[in-house]
Structures are given as structure tokens and as C-alpha cells.
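What follows is a short report on a single structure.
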């Protein structure tokens, strides 16, 4: 498995800790939600970045009290057709203003990449079946989106049609105005 | 009607390019069938009994003449010379080859059409009143909202992998011709105490194996809050809808299991937390869209047309058709023409290339270039001057399309059934044909009065049998087709689910059973009492007795 | 004699096909290979899982059929309609191309 970030494969320096693994002295760690709740104080003092692996049947609002120490939230797609994590990511970004990384794990495929990025995912744990070019192509195959406020924060973003139209109509107004003015 | 701008064009073109690539990858083996299936479904491509099937979206059932001609061309060039209009106001082709489908989608894009999200576990094509914008009883044309919803739901990043499919229906009139109470979300326009038009939001209606009438989530919502509110409903469903059992995955089951009160609470909580940050953008967009739905330039006409009255006096067939198939229009001197696609012995909803072209020609000449598809699988010319009605009728009559049975016994809904559908457990079309032959006499149909017969070939209920006055459901009983009859369903503003009458019948027995039901009704009906009114007054017993007592 | 026939839809055009004795996918049911022994049926299952993962056919499955003279008659009406074409459009499908079979869809 490899991490895909900003359209490129990145090295994965995160250590996944099980419930009982000893917390290392330093380094970036991923813990489950139960451990995050249990060891919150200890993790807060940890020298290294903290991520939580959060199941897709739990409510994101339960994470609210812990977001201050989280650098990353790992959400999961047990199968690519189970779309709960899209809503979780969206809630984290829009309602809980989470600015850390949101990582997609599980059954992550190129044809869903664009949707994931729009909902707020920016890191993807993927297998080696597809090369970087295939991922890039999938991410950029649609250059437009109708939905408001669903744009990725970094990297390639499709244009927001409804806002583009507004800009365009302002431009139109301006050019109409200039036409009248210079006539 | 709505016209694509450069963005809509580019969006659909990019989508067809993407699908062309996906088809190439499937044919080369780069994509497995399991991976390809959800992708093809999101582009309207099913695999049916004999071949692939392409379902093309007709957004809110509105078509222009050039669009109808293109549909006719596609039927001719890529299919077998016909198409099937569905209960979701769409059109289906039954024989296209997968390798041709990217070209077909390109041809659709040429006329501002697509097949995006006509299948799959996403928000499907939005449906509405087939008389939107012209109905005499309407508060406002619901199509601007429908178009806004079309755009908003197209490739929605959050709601493309829902627990199950999701259908939204909208009506802008008090009389519900869009069956909003049996949709995942139904939107029904009302005025509040201040006279402001807004939306009642219903959710959790549906048919299938667990038919349910929707509950009201909000009595009245200001229009500007509609999209954020729908997003809240969708999000609660996406997060909490069941994914462990396909048959319990629709939103109706979630609402049923949570209870309407708790569901409402969760939606309102989500709505409050998400806020309405983009409302201004959406309102601007809605205003932009609404301008496209301005009515055509109506001529200043007297409501009574002498030509029309004279023609009726001179031709009894025309007079009957005008009485049955022509509806009241909001503009004086105009009429709504309903074209029944239900000839005796025909296949409900099927239209040939020639028929599609004829309707396109008529719409161009007499109806401001516009055509509607109805959820009862018929067509509508929405802007016909009364004085042109005879000419329209004559052209239809020459083509065998002036069938004066709208809303009557012969106007039967039937899903494709086991003649085409991979999921069906029995055939539907032959049952519709048998009934239509038995009741071919129009005078008899008029005597019976308004009546809906809907036939589904399996429990998924695409033929809307649950909400028919007389519903027929085909099932498989030890390898034989068997048909259950339900009575008392309705899909209007007083929607109800029909009740099973008793043991089923073989296909050959169905027409006689229907006849007994009809005769019973005629024997016990009160003065000017419709079939449904009679059933609601007396219940199932007299009908049961007629069907089963003598057996 | 009752047996099983392996069927599928072709990926590129979607049309119904049947496995024949040479391991190819044939359009006419009459050319199909009727598996009458457990060993053949086990072999069918192997072929089905291999074929389902490939690019020629999809939705591969077995159905029951009976030998009747020169032809095979599917046990279930659904498969008879699939082998012939729509009962309401005799001008379409395999029945219209003369490769449907002499049996009646309704049994």
C-alpha cells in the first residue's frame, strides 16, 4: 500500500498502533478511536503527529473534543460502494472546520478519487494496481462541478459552475455597460 | 425550456469522454465487471434479459422537438426502431451494444441530453407534473426547481454512493400528478399564511416490496432554504440508511425504523449545524434558470374557439378525444393535448422512430416546440391553440395515435416485465394487451369512468401497481406466472397503497377477473361515483365476493 | 434427459450466448453444450468463474434444460424467453433471426 498525496506517491511514515501497542517515544502514529479517547492526555503530549482511524458508522461529532490534537483523520471505505465516509469528511471540513489531513483508506479506486477530493479527502492509501498517471487522470477528468463549496483545498480543483456563471454574468454586465458607455 | 450554456455542455461532454474511457477499459480488461457495473449504471446502462439497456434521462419529462428527433434517430440507428417511455418520464432503449454507447451518449449531448444517474445508488432523474407550467390549477411552474435539482444532483460528490437509489418528485400544483407521496423525497408547493409559495418536504415514500406513503418532514420551507435542507435529509440518509440488506436500504425503511419524529429531529439538527452558507449562489442560479421557463408568447385568444366547437360537432371521434385527452390550459384559447401511447393490443409506452418523429413535427408546428413525457407513459403537447386541435387530432389519427382513453381503462401502465427485464418474475405487457382487447370498446370505458390499471412484473413495482385503482403484480409460482390483484391504490394528493384482494390468478384468468371487478363496481356505484370512491366507501368485500365466492 | 447449460451475455454487444462443446460462446441455444453429468457441471463452474473475470462475457450462470429431439428446451419460462426473444415482439431477438428454436416460450 502507498500514500497518494497531491497527485504523487508519498512515503508513509505513519505507524499504526493497535489498542495495546506501546506508544513510541516519538514519530507519527495512527490510533483507533477508543485509544484516542482513552489516552488523549498522553497523546497530546506525544512528540510526533497524531492520527485517528475512525470507523464509518460512528458520528463525526464524537470526534469534536479530540480534533485539537489530530493532524489527520483516517476514514474508511470498506467497499467503494459504501459512501458513508464522504459525508463524514464533508462534516469534518464544513461543520467542524477540521484543517488537518483526511485520509481515505480501504477500497479506494481512481474512479471515485474526484468525489473524495471534493468532500475533503486529501490523502489516499492505495494499492499498487494503478500508477500515478492513472490516478492523476481520474482526478482531473471532470473539470467542472455544480455543487457549491465542495472544492478541494489543494491541488487540482474543478471549477464551480454556479460561481463561474456569476463571474461571467458580472463580466457580461461590465462589457454591456462599457459598450453603452463608449457608444 | 432550459438551454445548456457552455458549462453544461462541457460538463456533459467531459462525462461522456470519461465514460468512453471506462468502456474502453472494460473492453480491454483493465476494469473488472464488478468495478465497471456501478460506473455503467451511473451512466444509465443496464444489462437486461436479451441485451444491454440504455435509460436516457428526460429531465422532469420535458423534451424539445429536436431532442425528440434525436431520440428517434438513436432508436433507428443504434436500436431496433423504437423506444420505451417509462414511469419515471424517461426513455429506454432495449438493444444497444456497449461498444456503441459512447457514440450514443455523444449524440445525446449534441441535443443537451444525457443518461447520467438514470440508475445506480444515487439521486435519479427528478420527475414532475407533466402539465408543469400550463396546468390551470398550478401555483407555480416547478421546473426551475427541477432543473436546479438536476444540476445539484449531477455527480454530487457526497451522494453518489448512497445505500440505495434515490428518487425525487416535485409538484407545483395542489392536484398531485407527480405522485410525490411515493418518492424518497417529494416536494409539494404550498402557500403559507402570508401567501408566500414554499415547499412541503415529504420523505420516505416508495413502492417496491415495502410500499409506504411519505411522511411530511417540513410543512413549509422557504424556497431559498431548499437545497441546504435537502442536503441535510440526504446526509442523514447517507450516514444512517441501512447497508446490510439491499431490500431495507431505501430511506423509507430508515424513517420507518427511526420513527418520523426522530428522523425529523436528526434532519433539523443536521440542517442547523450545516447552515445555509451558499444560499445566495443558489438563489441567483435559480433566478437564472427560471428565466428559461418563461411561457411562450401566448396569442391573445378568446377562450372559446369557434373552429374547435364546429369540429367537435362535425366529428364524434374527435369530440370524444377532445373530451378525454385534452386538458384545461392556464392560457385562454389554449389546450393541453395528451397523446395516449396505449392502443388496443399495443405495448404501453413504446413508440417507434416514425411516431417520435411525428410528435416532434406536431410539437414544432402546434406546440411551441415542446413535448412532455408522463409517468403514465404517455406524451403531451403542452401549448396547443384550441383552433388547432382538429389538425393535431387528424395527424395523430392518421398515425393511429389519437387513442381516446386517457385516464380510462385502456390507459394501462405496464413495466417491460419478463419480456425484457432481468429482474422480472412474470410478464406484464401481455396482460396489458389482453385487458386492452377485452375492453377495447371505448363506450364501455367511458361508462366505467376514470380508472387506473397498473401492472408490474415483479415486486420492485416499476409498473406502480401499488398505487393503481386496480393493481396487478406478476409473481413466479413454481415456474409459472401468477398475478395478484390489489384494489384501492392512488398516487395523487390523497395517495394510498392498494390492498391485495385474495389468491392470485393465472395470466389467462386476469382479464375475466378484471371484468368481474368492473361489473361489481357498476352494480354498486352511487350516482357519478368513481371506481376509487366506490371502493373507499364499500371496501374490498363485494369485490372479493364477486371474484372468489363462486369458485 | 435434463441437464444444465452455461449461459452469459457478451460484453461488447450484450447479446445472450451459450457455451458450446468447443468451449466457445454461441448465439443459438441449439448449439449449446448440455451438461448431463456432475463432472461436466463442475467443469462448467470452473469455466464460469474464469469467464466472468474475462472480457468476452459477463453475468455467467447455469440454467436447467431438457433435450427434445435436436434442440434444448429451458426448464423455466425466463430462459425460454431469453433464448427466443420478447413474446410480445416476435419480430425481434433470436426468434426473428431463425436461431431461437422450435419450442414455445410459454411451454
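Here is how the numbers come out for the structure above:
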| item | result |
| --- | --- |
| Boolean, residue B:534 is part of a helix (DSSP H, G or I), in contact with a helix residue (DSSP H, G or I) (Cβ under 7 Å, 6 or more places away or on another chain), crowded, with 18+ Cβ neighbours inside 10 Å and at pLDDT 95 or above | yes |
| Residue list for region B:18-56, restricted to those being at negative phi, in a loop (DSSP other than H, G, I, E, B), under 21 Å from the mean Cα position of the chain (by Cα) and crowded, with 24+ Cβ neighbours inside 10 Å | B:43 |
| The one condition in (1) modelled with pLDDT of 95 or more; (2) within 28 Å of the chain's Cα centre (by Cα); (3) surrounded by 14 or more Cβ atoms within 10 Å (Cβ to Cβ); (4) over 30 Å from residue B:365 (Cβ atoms) that residue B:219 fails to fulfil | (3) |
| Considering residues of region B:4-14 that are more than 7 Å from chain A (Cβ to nearest Cβ) and in a helix (DSSP H, G or I) only, the residue modelled with the lowest pLDDT | B:6 |
| Criterion (in contact (Cβ under 8 Å) with a residue 24 or more places away in the chain, over 16 Å from residue B:374 (Cα atoms), within 14 Å of chain C (Cβ to nearest Cβ) and not in a loop (DSSP other than H, G, I, E, B)) met by exactly one of B:476, B:447 | B:476 |
| Residue within region B:390-401 that is in contact (Cβ under 8 Å) with a residue 60 or more places away in the chain, in contact with a helix residue (DSSP H, G or I) (Cβ under 6 Å, 6 or more places away or on another chain) and part of a helix (DSSP H, G or I) present | yes |
| Members of region A:69-84 found to be touching a helix residue (DSSP H, G or I) at 6+ places or on another chain (Cβ under 8 Å), within 17 Å of residue B:238 (Cα to Cα) and without any contact (Cβ under 8 Å) to a residue 40 or more places away in the chain, listed by number | A:76, A:77, A:80, A:81, A:83, A:84 |
| Any hit, region C:32-53, residues being surrounded by 15 or more Cβ atoms within 10 Å (Cβ to Cβ) and at the interface with chain B (Cβ under 10 Å from one of its Cβ atoms) | yes |
| Matching option when the condition is within 14 Å of another protein chain (Cβ to nearest Cβ) and in contact (Cβ under 8 Å) with a residue 60 or more places away in the chain, among B:117, B:89 | B:117 |
| Residue tally, condition within 7 Å of chain B (Cβ to nearest Cβ), surrounded by 19 or more Cβ atoms within 10 Å (Cβ to Cβ) and without any contact (Cβ under 8 Å) to a residue 60 or more places away in the chain, over region A:146-164 | 5 |
| Matching residues, region B:71-93, being surrounded by 23 or more Cβ atoms within 10 Å (Cβ to Cβ) and either on the phi > 0 side of the Ramachandran plot or in a helix (DSSP H, G or I) (or both) | B:71, B:72, B:74, B:75, B:89 |
| Subset tally (residues that are under 15 Å from the mean Cα position of the chain (by Cα), facing chain B (nearest Cβ under 10 Å) and within 20 Å of residue B:24 (Cβ to Cβ)) for region A:111-121 | 2 |
| Residues satisfying the stated conditions in region A:86-105, i.e. closer than 22 Å to residue B:243 by Cβ and in contact with a helix residue (DSSP H, G or I) (Cβ under 8 Å, 6 or more places away or on another chain) | A:86, A:87, A:88, A:89, A:90, A:91, A:92, A:102, A:104 |
| Some residue of region A:34-46 being assigned to a loop (DSSP other than H, G, I, E, B) and touching a residue at least 24 places away in the same chain (Cβ under 8 Å) | no |
| All positions within region C:76-92 that are assigned to a loop (DSSP other than H, G, I, E, B), at the interface with chain B (Cβ under 7 Å from one of its Cβ atoms) and on the phi < 0 side of the Ramachandran plot | C:76, C:86, C:87, C:88, C:92 |
| Count - residues of region A:4-31 that are under 30 Å from residue A:138 (Cα atoms) and crowded, with 17+ Cβ neighbours inside 10 Å | 5 |
| Qualifying residue in region C:80-101 (condition: touching a strand residue (DSSP E or B) at 6+ places or on another chain (Cβ under 7 Å), at pLDDT 95 or above and more than 30 Å from residue B:31 (Cα to Cα)) | yes |
| Residues (at the interface with chain B (Cβ under 10 Å from one of its Cβ atoms) and part of a loop (DSSP other than H, G, I, E, B)) located in region A:122-143 | A:129, A:130, A:141, A:142, A:143 |
| Unique residue being away from chain A (no Cβ under 14 Å) and surrounded by 24 or more Cβ atoms within 10 Å (Cβ to Cβ) when the list is B:98, B:105 | B:105 |
| Options B:96, B:174, B:163: the member that is in a loop (DSSP other than H, G, I, E, B), assigned by TED's automatic domain parsing to the domain that holds residue B:24 and on the phi < 0 side of the Ramachandran plot | B:96 |
| Hits in region B:493-524 - residues which are surrounded by fewer than 18 Cβ atoms within 10 Å (Cβ to Cβ) and in a loop (DSSP other than H, G, I, E, B) | B:493, B:494, B:502, B:503, B:506 |
| Residue in region C:49-67 that is at positive phi and not in a helix (DSSP H, G or I) present | yes |
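Okay, residues lined up against (1) more than 19 Å from residue B:271 (Cα to Cα); (2) away from chain B (no Cβ under 14 Å); (3) surrounded by 17 or more Cβ atoms within 10 Å (Cβ to Cβ):
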residue: A:57; (1), (2), (3): yes, no, no
residue: A:61; (1), (2), (3): no, no, no
residue: A:65; (1), (2), (3): yes, yes, no
residue: A:75; (1), (2), (3): yes, no, yes
residue: A:90; (1), (2), (3): no, no, yes
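The values are calculated or read from the model by the stated rules, or taken from the named source; none is laboratory data. This structure is a prediction, so every number in the text was calculated from the model and none was measured. Reconstructed Cβ throughout: ideal geometry from the backbone, glycine too, with neighbour counts over all protein chains shown.
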